[in-house]
Amino acid sequence: MDTLRHVKPAVRALAPYTLALREAPVKINQNENPWDLPKAVKRRVLARALARPWSRYPDFDPRELLLALARFSGWRADGILAGNGSNEMIEALLLVTVSPGTKVVIPEPTFTLYALMTTILGGEPVRVPLSSRGAPSRTGDEGSAVFAPAGPSGHVPPEPLGVTYDVEAILKAREESHAPVTIVCSPNNPTGSSLSPAEVERLCEQGDGLVVIDEAYHEFSGQTVVPLLERHPNLVVLRTFSKAMALAGLRVGYLLASPELVREVNKARLPYNLNFFSQAAAIEALQEKDALAKSVRRLVAARERLRERLADVPGVRAWPSDANFFLLECLGADPRAVFAGLLRRGVLVRDVTSYPMLSRCLRVSVGSEKENDAFLHALGTALTEAGMDATSGRA
C-alpha cells in the first residue's frame, strides 16, 4: 500500500526546511541574541504565569499584547496580528493569498520558507537573483558569487563586493509575472542585504500587489518601513521576538498591515495560537526598550569588530551586513571542510553552501565576546586543516 500517493506530488518533491542536530559549546549558527533576558524580567514573567490558572486557555485575541505592540511599533493595534513566531505569520499570509498557480516574487538567496510554503500551497515562486555589488570582474560558475580577483601579489582586496537587492529586476519580475505577492527579507537572511525605505516605497507604488517586508533583523540595521504603512495599504511588515528581543525559545512574532488586510489574514490564524506564557514574556520584554537598544548597539559593534579582525585572516572574507550575522567567504579552502574543522573545535556556524550564489560561504552569527574570540581562534586551525596556505590565501 502506497499511502504517500495521497500526498501532493509537488510536496513530495520538496526538500524540507530542516536543521541537523549538532551540539557545540560555541553556538553561532542560528542568529540568536547571545545575551538572555535579565533575570528580573524573567521573574516578572514567572509571576504573571503563576498568578493565573494553567488549565484555562489563553485569551483568544491577545489584546494586552497587541496594545503593547502598537505602542512599541507606532502602528495601530487593529492592524497587528500576533502569532507563534513570524513563521506562523508567513504561513497565515500565504494561506489567504496563494492558490494553485499564484505567482510569488522572491529575491534569492533568502529565507527558504517563503518558497517552500508557496510551493506547498500550489503557488509558483518567481525567483529573482540578487546582484553583485559593483561591476563584476569575473563570472563565477553557476551557484557561485562573483568577487574581485586577487591583485598582482596575490593579495585580495579587503572589502567584498557581496550581493544586494536589484530593485529594477524585482519590479520587472512583478510586472511580467503579474504576481500578487512579493516577499523581501530586509535585512536579508543569509546575505545581510537591505532595501531602503525609498526602495520599498517604489515597490509599493508601482503595482497594487502585496509587498511583504520581513523585518526579522531590522533592529540591527537601524531602519524600518513601518511608517510607510500609513500611506501604502498593500504593504505588510513581519517581525519576530527571536532575534534582538532574545525570545527565540518562546516563539513570538507579529504582522503589521492595514486593518482590512489583517482581518482577512486573521481567518487563517489557528485558535489560541499564542500561549499565555509567551504572551507574558513578550509583554514584559517590550517594557525593556532601553535594554534592548543597548543590546542591539553592543551586537552591531561586535559585528564590525569581528569583521575588522577577519580582514587580517588570510583566505577568508567577511561580507558587509546590516544584521546580527554575516557571510564568511572561503576564498580557497573548501567551506564544508572549514565548517567541519570549526565544529571539531566546538564552534558551530551555519553551512549555506547549498544556497544560490553562496557555494563558498558560511554564515556566522555574532556571539558574545568570548564566543567571537573562540570562533577566531578555531578558524585559523580549521583553514589550515582544510588545506589553506595561510601565507598566500590559496588552497
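The values are calculated or read from the model by the stated rules, or taken from the named source; none is laboratory data. It should be emphasised that the depicted structure is a prediction, and the values quoted were computed from it without experimental measurement. Backbone-built Cβ (ideal geometry, glycine too); neighbour counts: all protein chains shown. Note: areas computed on protein heavy atoms with side chains; ligands, DNA, RNA excluded. Shrake-Rupley method; radii C 1.70, N 1.55, O 1.52, S 1.80 Å.
Key figures for this structure:
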| read-out | value |
| --- | --- |
| Per-residue HN-Hα couplings for the range 254-260 [Karplus 6.51, -1.76, 1.60; θ = phi - 60°; Hz; x = Gly/Pro] | 8, 10, 10, 6, 5, x, 5 |
| Nonlocal amide H pairs with LYS103, under 5 Å, H built at 1.01 Å | GLU124 |
| Ellipticity estimate at 222 nm from DSSP helix runs (n ≥ 4, -39,500 (n - 2.57)) divided over the chain, nearest 500 | -10500 deg cm²/dmol |
| For the range 280-297, 3J(HN,Hα) per residue [Karplus equation, 6.51 cos²θ - 1.76 cosθ + 1.60, θ = phi - 60°, Hz, x = Gly/Pro] | 4, 5, 5, 4, 5, 5, 5, 7, 9, 4, 5, 5, 4, 4, 5, 4, 5, 4 |
| Over 24 Å between alpha carbons, listed pairs LYS39/LYS243; LYS39/LYS370; LYS243/LYS267; LYS294/LYS370 | LYS243/LYS267 |
| Added length on full extension, which subtracts the Cα-Cα distance from 0.36 nm per residue, PHE60 to ASP208 | 50.1 nm |
| Inter-label distance for LYS42 and ALA169, nm, one decimal - labels placed 7 Å from Cα along Cα-to-Cβ | 4.5 |
| Under 5 Å, built H, 5+ apart or other chain: amide partners of VAL163 | ARG133 |
| Estimated inter-spin distance, ARG309 and VAL96, nm [label 7 Å along Cα→Cβ] | 4.6 |
| From phi via Karplus (6.51, -1.76, 1.60), per-residue ³J(HN,Hα) for the range 89-101 in Hz, x at Gly/Pro | 5, 4, 4, 4, 5, 5, 4, 9, 10, 10, 10, x, x |
| Helix 167-177 vs. the chain, principal-axis angle (Cα, 0 to 90°, nearest 10) | 60 |
| Built amide H within the under 5 Å cut-off of VAL316, gap 5+ | LEU331 |
| Over the chain, volume per residue of the alpha carbon convex hull, in Å³ | 162 |
| Rounded FRET efficiency, nearest 0.05, which uses the C-beta distance separating SER368 from ALA293 and R0 of 22 Å | 0.75 |
| Between 0 and 90°, nearest 10: helix 63-73 axis offset from the chain longest Cα axis | 50 |
| Whole-percent carbon and sulfur share, accessible surface of the range 266-306, 1.4 Å | 55 |
